[in-house]
Structures are given as C-alpha cells and as structure tokens.
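The numbers here are math on the coordinates, done by the rules we state, and not lab data. Every value quoted in this text rests on a predicted model; they were computed, and no experiment measured them. Methodologically, a virtual Cβ is constructed for each residue, glycine included, from the backbone with ideal geometry; neighbour enumeration extends over all protein chains shown.
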Amino acid sequence: MSAAALTMKVTRWQVRAQDTAALMHWRRQMRREAYAEFLAFSVEASDALGAVESQLTRLSPQEDWIRDCLEPVADMFLAMRRKRDVVSLEGPSEVEAAANDLMSAMSDLYFAVRAIQRALLGGTDREANAEVWRDLLATKWGEVARKREIYCSTSRRLMYDPALSEGDQRA
C-alpha cells in the first residue's frame, strides 16, 4: 500500500514538474518575443531618426520638409512605447528598467533632433551651429548605443537564466 502511495506522489510530482517546465518555456518564448520586438522598434526608430538628423544637419531641405520630417518618427516612437509596455508586462523588473532607460535615451535623442528642427524653422544659421549640433547628437547617439547594449545584455541574461525570475515566482 505504501509503495502505491509513494508511486502516486512521485507521479504527481513528475506531472507538476513537467507542467512547470512547459510554463517556463512558454514564458521564455513570450518574453523573447516582447524583448525582440521592442529592440526591433528601437532600431527602426533610430534609423528613421538618423535619416532625419542627416538631412537636417548636412543638407538644405525645403522648409515644408523640415516642418513635417519628424511626424513619421513620432509615430514610430509611439509604437515603440507600446512595445515597451509589453516588456514591462512580461518583466522582470531588470529588463523593464533597461527598456525604460533605452526609451529615455531615444527620447532625449528625438528631442535634440527636434530642437535642431525648430532652430532651423526659426531661421538659425546651420553653418554657425553645425559643430555644436554634431557634438550634441554624438553624445545622444552614444547614450542610445550604450543603453541598447545594456538592454540587450540584460534581456539575454534573464531570458535564458534557468532560475525562476521574480515575475514567475508570483504565479
């Protein structure tokens, strides 16, 4: 009788272990998708912002173009924020913090480009300010690159960590 009871307990434990492993695999997949989508949107927004920056600081675009150039980039930032919200939902807090830091660095870069856009629309001399703008943008791009690397390394480490993350422990 005790052998049968022991067998039943071991079987129940094995089923729970399999269920837990399946759940963990599913959570890792959901996180991976959320993390990768946020990263992809950050790269897409960076590329678009870089193209605008290049036009604003190096060429002489028409005023209509200058006025409207950041509208598509602003839409990309809204989409990126929505993806960041999914990362926040999936957690854990370390990845959420890294995503928030990357979003903040991207926003700082966006606002620096927007300041240049507004200066040009206000009649600021491009040639007189080119060096200051280049230095400002180089700093902002460097911060984006640094925050993106932190986000990637944090995501990678926590996505493949076999230990339960804080978000999984609450379940």
*For the chain, what does -39500 (n - 2.57) per DSSP helix run (n ≥ 4), summed and divided by total residues, give at 222 nm, in deg cm²/dmol to the nearest 500?*
-31000 deg cm²/dmol
*Expressed as a rounded percentage, what relative contact order does the chain have, with Cα pairs under 8 Å and six or more residues apart?*
29
*So which residue, out of ALA48, ALA79, ALA21, gets the largest mean-square fluctuation from a GNM of the chain using Cα contacts under 10 Å as springs?*
ALA21
*With r defined as the distance between the Cβ atoms of GLN29 and LEU136 and R0 fixed at 35 Å, what FRET efficiency is calculated, to the nearest 0.05?*
0.30
*Reachable lysines from LYS83, criterion Cα separation under 26 angstrom, eight or more residues apart if same chain*: LYS140, LYS147
*asked:* Under the 0.36 nm per residue contour assumption, what length would be gained going from the current alpha-carbon distance of ARG67 and ARG126 to full extension?
replied: 19.7 nm
*Tell me, what is the Rg over Rh of the range 30-169, with Rh the Kirkwood radius over Cα pairs?*
1.08
